Structure formats: C-alpha cells, structure tokens
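One structure is given below, encoded as structure tokens.
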Amino acid sequence: MKLYYSEGSPFARKVRIVLIEKGLAFESDVANGLRSPESASTPTMAVPVLEDGALRLWESDLIVDYLLRTYPAAESPANTQPPLTPWLARPDNHWQDMATLAMIATCAASMVNLRLMLSDGITPENSDYLARQKTRFERCLDALEKTVTDEGFAPGWFSIMDIALICPLVFCETRGVTAWRGRPKLDALVDRHQARPSLLATPISALPPLAPRYIVERRSAA
Ligand SMILES: N[C@@H](CCC(=O)N[C@@H](CS)C(=O)NCC(=O)O)C(=O)O
C-alpha cells in the first residue's frame, strides 16, 4: 500500500494512525502530498490518497472504512489498550456514530479552513464567512462535549470517532489556529491518548506564525 499525504494533515494523520494501529505496512509519499500532481489528480485535489494494488481511494473516512473491512484480522503486535475499534461505527449504534463522525468531519474542515485562509490574510475578524466557520467549529465542539463519555465516543474502544477528533484538535493547538480547550471531556479525550504509540509515531510539527500576504478589510453591513 502507498499513502500520499502531507505531514500536517489531520485527515491523513487519522489514516496513518489506523494503518499503524493495525500493523499494516505502507509506503509514505509525502513529497507528492499536498498540491502535488498526485493529489491534484483526484477531483477533490486533497490528501490523503491511498493506493492498494490497482485500487485508488481518497476521503479519509472512506479509506479507514476500507482498511477496517479489508484487513479485519490485522492487529498491531503492540496490543495497546483500549483496542482499536473494528468498525467505522458500532453496528448497534450505526446511525448515531455515523452522524457523530460526519459532525467531526465538518468541524475539522471548518478549522482547517480557518488555518488555510489565514495564510491569505483572511480571518474571522475581517470575513463574515470565516467568522461563521469559527462559530461552526465551536458549536460542533459543544455538541461533541455532550456526546462523548469519560471513555471516549465508544467506551471500551479506541474509536475512529476518537481519532477523527483528536487529530484536528491537536493540529489546531499545535499550529495555533484558535483556542478550543475548556470542554473537560474533550480535553481529557485528547490528553488521554497522547502517549499511545500510534500518536507518538505521527507527530504534528509546530510552524512559525503565518505572515498574512494581505489583509482583507471586514465589510460593514452599514
Ligand atoms: N474530506 C477530506 C478532506 C481532506 C483535506 O481537506 N485535505 C487537505 C489537507 S488537511 C488538503 O489536501 N487540502 C488541499 C488544498 O487545500 O489544496 C478527507 O477527509 O480526506
């Protein structure tokens, strides 16, 4: 298998964590990651992209679903507890888990938009659209704080929902996008798993603060 990704991508990190948790060998192609001919050759122009033989897949949750279904017996020798969930969503809680996963994806995309548009000088302070993205991010986190338990989104498991939220929140904090802490259960979820080998193996580096190329003045409705 070959995974195209950019080092910082929280969506790619989720896939990398699942590959490592399952002990599946894969070749990394970081050089051809973000904005490369490879990633641009998908209609979404985004990473991660997984190649497994002749199959080429993109969209991180779809890739994770593929890995869990195609390699159900694969298990990491590390035997870390709690174990990685065998499903994208629990069979007895399918629609609620899928809704949670979808909300996490929307929440993560809004946060990544905040980060990417900042490099063009567009911020929640000068863009109503970005202000809405920030509010969406925060409202999703408020809703997730009500959903999550003291043992994560699926007690007894290291779930895909856990991974899908931990990756963007760590990215958000490490890259200084916006403050998100102050929700005790989400704080605990993120902190609890930081020493897990698959997370330690996929660190997100801090980057220097962005220097906006230009500043867009906020348009006043008045
Ligand atoms: N829904 C996609 C989102 C992937 C995504 O947005 N990836 C970002 C990196 S974090 C990307 O490749 N962006 C390319 C660009 O903005 O040009 C997934 O879950 O895989």
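The single condition from (1) open to solvent by 50 Å² or more (accessible area, probe 1.4 Å); (2) among the polar types (S, T, N, Q); (3) under 20 Å from Thr44 (Cα atoms) that Ser110 fails is (1).
Output the residues belonging to the range 62-77 that are more than 12 Å from the ligand (Cβ to nearest atom) and either part of a helix (DSSP H, G or I) or open to solvent by less than 60 Å² (accessible area, probe 1.4 Å) (or both). Full working, then the answer.
Quick first cut of the range 62-77, residues more than 12 Å from the ligand (Cβ to nearest atom) only: 66-77.
If the condition is that a residue be more than 12 Å from the ligand (Cβ to nearest atom) and either part of a helix (DSSP H, G or I) or open to solvent by less than 60 Å² (accessible area, probe 1.4 Å) (or both), then Tyr66, Leu67, Leu68, Arg69, Thr70, Ala74, Ser76 are the ones that fit.
Condition first: polar (S, T, N, Q), part of a helix (DSSP H, G or I) and either buried (at least 19 other Cβ atoms within 10 Å of the Cβ) or in contact (Cβ under 8 Å) with a residue 12 or more places away in the chain (or both). Now tell me which residues in the range 127-142 satisfy that.
Kept after step one, since they are polar (S, T, N, Q), are these residues of the range 127-142: 127, 133, 135.
Retained after the next criterion (residues that are part of a helix (DSSP H, G or I)): 133, 135.
Across the range 127-142, the qualifying residue is only Gln133.
Determine which member of the set Glu173, Glu145, Glu151 is of a type in the set (Asp, Glu), in contact (Cβ under 8 Å) with a residue 60 or more places away in the chain and outside the structural domain of Val15 (by TED's automatic domain parsing). Working first, answer last.
Numbers: Glu173 fails: in contact (Cβ under 8 Å) with a residue 60 or more places away in the chain; Glu145 fails: in contact (Cβ under 8 Å) with a residue 60 or more places away in the chain.
None of the others qualify; the one that does is Glu151.
As for the range 14-29, it holds no residue that is open to solvent by 50 Å² or more (accessible area, probe 1.4 Å), outside any helix (DSSP H, G or I), within 14 Å of the ligand (Cβ to nearest atom) and without any contact (Cβ under 8 Å) to a residue 60 or more places away in the chain.
Out of Thr85, Thr100, Thr80, Thr106, I need the residue that is β-branched (Val, Ile, Thr) and free of Cβ contacts under 8 Å to residues at least 60 places away in the same chain. Which one? Talk me through it step by step, then tell me what you get.
Values: Thr85 fails: free of Cβ contacts under 8 Å to residues at least 60 places away in the same chain; Thr100 fails: free of Cβ contacts under 8 Å to residues at least 60 places away in the same chain; Thr80 fails: free of Cβ contacts under 8 Å to residues at least 60 places away in the same chain.
Just one listed residue meets the conditions, Thr106.
Where the second residue is near the ligand (Cβ under 9 Å from one of its atoms) and in a helix (DSSP H, G or I) and the first is within 19 Å of Ala31 (Cα to Cα) and outside the structural domain of Ser28 (by TED's automatic domain parsing) and lies in the range 48-62, which pairs have Cβ atoms under 9 Å and are six or more apart or on separate chains? So the pair list comes out empty. Gly156 falls short on exactly one of the conditions (1) under 17 Å from the mean Cα position of the chain (by Cα); (2) part of a loop (DSSP other than H, G, I, E, B); (3) over 18 Å from Ser9 (Cβ atoms), and that condition is (1). Here is the figure for the range 41-53: residues that are modelled with pLDDT under 95 and exposed (fewer than 14 other Cβ atoms within 10 Å of the Cβ) total 4.
Checked against (1) acidic (Asp, Glu); (2) more than 16 Å from the ligand (Cβ to nearest atom); (3) out of contact with any helix residue (DSSP H, G or I) (no Cβ under 7 Å at 6 or more places or on another chain), Glu59 meets all criteria but (2). Assessment of the range 116-126 against the conditions (open to solvent by less than 40 Å² (accessible area, probe 1.4 Å), acidic (Asp, Glu) and touching a residue at least 60 places away in the same chain (Cβ under 8 Å)) yields no matching residue.
Here is the figure for the range 135-174: residues that are charged (D, E, K, R) and touching a Leu at 6+ places or on another chain (Cβ under 6 Å) total 1. Does the range 154-165 include one or more residues that are open to solvent by 40 Å² or more (accessible area, probe 1.4 Å) and more than 22 Å from Glu21 (Cβ to Cβ)? Looking through the range 154-165, none of the residues is open to solvent by 40 Å² or more (accessible area, probe 1.4 Å) and more than 22 Å from Glu21 (Cβ to Cβ).
The values are calculated or read from the model by the stated rules, or taken from the named source; none is laboratory data. Since this is a predicted model, take the numbers as computed values, not measurements. Note: ideal-geometry Cβ built from the backbone for every residue, glycine included; neighbour counts use all protein chains shown. To get the accessible areas, we keep the full protein, side chains included, count just its heavy atoms, and leave off ligands, DNA and RNA. Shrake-Rupley method; radii C 1.70, N 1.55, O 1.52, S 1.80 Å.
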